[in-house]
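The values are calculated or read from the model by the stated rules, or taken from the named source; none is laboratory data. The structure displayed is predicted, hence computed values, not measured ones. Counting neighbours? That spans all protein chains shown, and the Cβs are built from the backbone with ideal geometry, glycine included. Quick note on the areas: whole protein, heavy atoms, side chains included, nothing else; ligands and nucleic acids left out. Shrake-Rupley method; radii C 1.70, N 1.55, O 1.52, S 1.80 Å.
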Amino acid sequence: MSSAKSPSTSPSIQICRIMRPDDANIVGNVHGGTILKMIEEAGCIIGTRHCNTQSGDRCVAALARVERTDFLHPMFIGEVAHVSAEISYTSKHSVEVQVNVLSENILTGAKKVTNKAALWYVPFSIKNMDKIIDVPPIEYSSPEVEEEGKKRYESQKMERFETKERNGELINPVSIPDRHMKEPYTVGFSQSSLIHLVGPSDCTLLGFVHGGCVITVSGRMTFTSNKSMEIEVFVDADPLVEAEQGKFRAVTAFFTYISLDKENRPLPVPTLKLEGEDEQKRFEEGKVRYLQNKAKRLAEKERQQ
Ligand SMILES: CC(C)(COP(=O)(O)OP(=O)(O)OC[C@H]1O[C@@H](n2cnc3c(N)ncnc32)[C@H](O)[C@@H]1OP(=O)(O)O)[C@@H](O)C(=O)NCCC(=O)NCCS
């Protein structure tokens, strides 16, 4: 692991490690979650380090948001994942970290960019977890770079505001249906929940998360295209110890999955069978996200050519 920081450049860090069998699925493809975990660790290190470069309360940078992240190429057991992270914008209380991931085949030397991600961290005081610390500003290479960062900051703030409004409607945890009673390819047929007691091994640095809350992770399919599936995931927390706090929704996310054949080529996906107006509405919203993301990917491709 190496790191670099100077007053004129943004703080940066690099971590790398070889992919092992327990990082991958049964056919040797590394799980997206393994890579996401490395990305988050790099972001947490750099964000925490940066926010502790000033005097005053010691703090830890907590992950607040992950922007859309594309997994561009598969990674396999035996390859080395190189994760480089750089702080690209700071607001008064938040830090944007841009991360690039490269896969390296150490037998042939071939390298591929597999991910580009942007994450937002917020520093909390270690003495008082309810207190958010002011973030030391970074220096930008030009006013334009700062202006671009500010635009990203404002646009994610706006999007969060909209998501909060939507969550008002969705606050009931996803119910667990009796799957045997459900027709294949309906939302209810594949909908699942996982109940988990958060323990120390789930916790981040410096005991920031103390454990002791029961979380329910619920997933339901919202949209299918010809070759992709969108899954909406909620994490609802029900604190065991501080029960007076009541249940709360801790995380919401959308994941897109592709089914691959033995040669890692995308396979067709059965169309989702919709039941009722709510499912229809979520499907339409998923379609908008699908079309917007596809257009963005196409535009990025054209820009690179
Ligand atoms: C996902 C992947 C197969 C897409 O490859 P591709 O050459 O772009 O394939 P296609 O253009 O045929 O796209 C296949 C489907 O995936 C969807 N898709 C592709 N990239 C996507 C992205 N970044 N986000 C959402 N959907 C995506 C496409 O929309 C298409 O569905 P559609 O035909 O219904 O519209 C390829 O990028 C890949 O192998 N990624 C790595 C996956 C992986 O290993 N994940 C774990 C990471 S460690």
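State yes or no: is PHE124 under 19 Å from ASP23 (Cβ atoms) and in contact with a strand residue (DSSP E or B) (Cβ under 7 Å, 6 or more places away or on another chain)?
Values: under 19 Å from ASP23 (Cβ atoms): no; in contact with a strand residue (DSSP E or B) (Cβ under 7 Å, 6 or more places away or on another chain): yes.
Spelling it out, it is not the case that PHE124 is under 19 Å from ASP23 (Cβ atoms) and in contact with a strand residue (DSSP E or B) (Cβ under 7 Å, 6 or more places away or on another chain).
Answer yes if at least one residue in segment 296-305 is out of contact with any helix residue (DSSP H, G or I) (no Cβ under 7 Å at 6 or more places or on another chain), away from the ligand (no atom under 14 Å from the Cβ) and in contact (Cβ under 8 Å) with a residue 24 or more places away in the chain, and no otherwise.
Scanning segment 296-305, I find no residue that is out of contact with any helix residue (DSSP H, G or I) (no Cβ under 7 Å at 6 or more places or on another chain), away from the ligand (no atom under 14 Å from the Cβ) and in contact (Cβ under 8 Å) with a residue 24 or more places away in the chain, so the answer is no.
Provide a single number: the residues in segment 265-285 that are open to solvent by less than 50 Å² (accessible area, probe 1.4 Å) and near the ligand (Cβ under 9 Å from one of its atoms).
1
Go through the residues of segment 239-248 one by one and say whether even a single one is touching a helix residue (DSSP H, G or I) at 6+ places or on another chain (Cβ under 7 Å), of a type in the set (D, E, K, R) and more than 20 Å from ASP70 (Cα to Cα).
Restricting attention to segment 239-248, the residues satisfying the condition of being touching a helix residue (DSSP H, G or I) at 6+ places or on another chain (Cβ under 7 Å) are 239.
Then drop every residue that is not of a type in the set (D, E, K, R), which leaves none.
The answer is no, given that none of the residues of segment 239-248 is touching a helix residue (DSSP H, G or I) at 6+ places or on another chain (Cβ under 7 Å), of a type in the set (D, E, K, R) and more than 20 Å from ASP70 (Cα to Cα).
Please go through segment 27-77 and give me each residue that is among the hydroxyl-bearing types (Ser, Thr, Tyr), away from the ligand (no atom under 16 Å from the Cβ) and part of a helix (DSSP H, G or I), ordered by number.
Scanning segment 27-77 gives a single hit, THR48.
Note down all Cβ pairs under 7 Å where the first residue falls in segment 53-75 and is assigned by TED's automatic domain parsing to the domain that holds LYS116, the second is near the ligand (Cβ under 8 Å from one of its atoms) and among the hydrophobic types (A, V, I, L, M, F, W, C), and they're at least six residues apart or on different chains.
Taking only residues 6 or more apart or on different chains, the pairs are MET75/VAL30; MET75/ILE35.
Take segment 85-132 and flag every residue that is at pLDDT 95 or above, more than 16 Å from the ligand (Cβ to nearest atom), surrounded by fewer than 22 Cβ atoms within 10 Å (Cβ to Cβ) and not charged (D, E, K, R).
SER88, SER91, HIS93, SER94, GLN98, ILE106, LEU107, THR108, GLY109, VAL122, ILE132
Out of LYS247, LYS262, LYS227, I need the residue that is at pLDDT below 90, within 16 Å of the ligand (Cβ to nearest atom) and more than 21 Å from the chain's Cα centre (by Cα). Which one?
The match here is LYS262.
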